[in-house]
Amino acid sequence: MSTRKKQSKPVKRNTSSKKKSSNTLLLSVKQNFNLFFIWALVVVNAVLISSFVHKLVTPEQTPTVTSDFTIDDPIKVQILNGCGVSGIANEFAELLERKKYKVVDVGNAPNWDYEKTVIINRERKERKYIDKFQDLIGVTSEMVYRIQNDEVESDITLIIGSDYESLKSYRALQ
């Protein structure tokens with residue numbers, strides 16, 4: 001009898017189950033991510049569609065802005081020269097009259113040392129008209145003062161300061 005030695009085969013460990021479980025886990029993560037991404041797109045689309053429908057259904061409310069003031073009730077402006085430049089108050093008066101403001105007085109300020117142009121709001125007109133005037137002249141809101149004075153005929157007093165050349169309205173005159 002011959003004795004044969006059995007050759008031992010290397011034992012293969014079953015790694016395929018580990019690979020399968022890691023592949024399954026990776027596949028599961030990818031599927032969950034894809035599912036999450038799809039739901040996120042659905043939500044974004046729903047928001048966009050509802051916004052679009054809302055815009056179609058809701059009537060558009062356009063603000064009513066008048067280009068100028070009504071002829072019946074123009075804003076009355078007093079213009080004072082606060083910088084000492086000859087004729088500067090008259091130049092601004094001409095501009096404001098072309099823009100349908102009623103210039104009721106043109107003169108000199110008590111002194112000529114105004115470095116900045118100032119608007120005095122007598123609080124007789126709505127704020128939107130004062131803001132429009134302020135924008136026309138080109139003065140910052142820090143230079144608009146509210147001072148009620150019933151003895152003055154004007155709704156607004158404009159005191160031209162030394163900064164007049166930097167004002168939007170002055171550049172429009174040039």
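The values are calculated or read from the model by the stated rules, or taken from the named source; none is laboratory data. Just so it is clear, the structure is predicted and the values come from calculations on it, not from any experiment. Note that we place each Cβ from the backbone using ideal geometry, even for glycine, and neighbour counts take in every protein chain shown. Note: areas computed on protein heavy atoms with side chains; ligands, DNA, RNA excluded. Shrake-Rupley method; radii C 1.70, N 1.55, O 1.52, S 1.80 Å.
Here are the numbers for the structure shown:
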item: Sites residue 145 and residue 165 - FRET efficiency at Förster radius 25 Å, r taken between beta-carbons, to 0.05; result: 0.70
item: Rounded accessible area of residue 104 (nearest 10 Å², 1.4 Å probe); result: 40 Å²
item: Placed amide H near residue 106: partners under 5 Å, 5+ positions off or other chain; result: 79
item: Length released on extending from residue 94 to residue 153, taking residue separation times 0.36 nm less the Cα-Cα span; result: 19.4 nm
item: P(r) tail fraction, the stretch 67-136 - alpha-carbon pairs more than 14 Å apart, %; result: 61 percent
item: Where labels lie 7 Å past Cα in the beta-carbon direction, separation of residue 44 and residue 108 in nm; result: 6.9 nm
item: Cβ-Cβ FRET estimate between residue 55 and residue 33, R0 fixed at 41 Å, reported to 0.05; result: 0.80
item: Low-density loop cleavage sites - GluC sites (Glu not before Pro) in the stretch 91-174, where at most 15 other Cβ are within 10 Å (DSSP); result: 115, 123, 126, 151, 153
item: Separation of alpha-carbon centers, the stretch 76-144 and the stretch 39-55, rounded to whole Å; result: 50 Å
item: Solvent-accessible ranking of 146, 122, 127, largest area first, probe 1.4 Å; result: 146, 127, 122
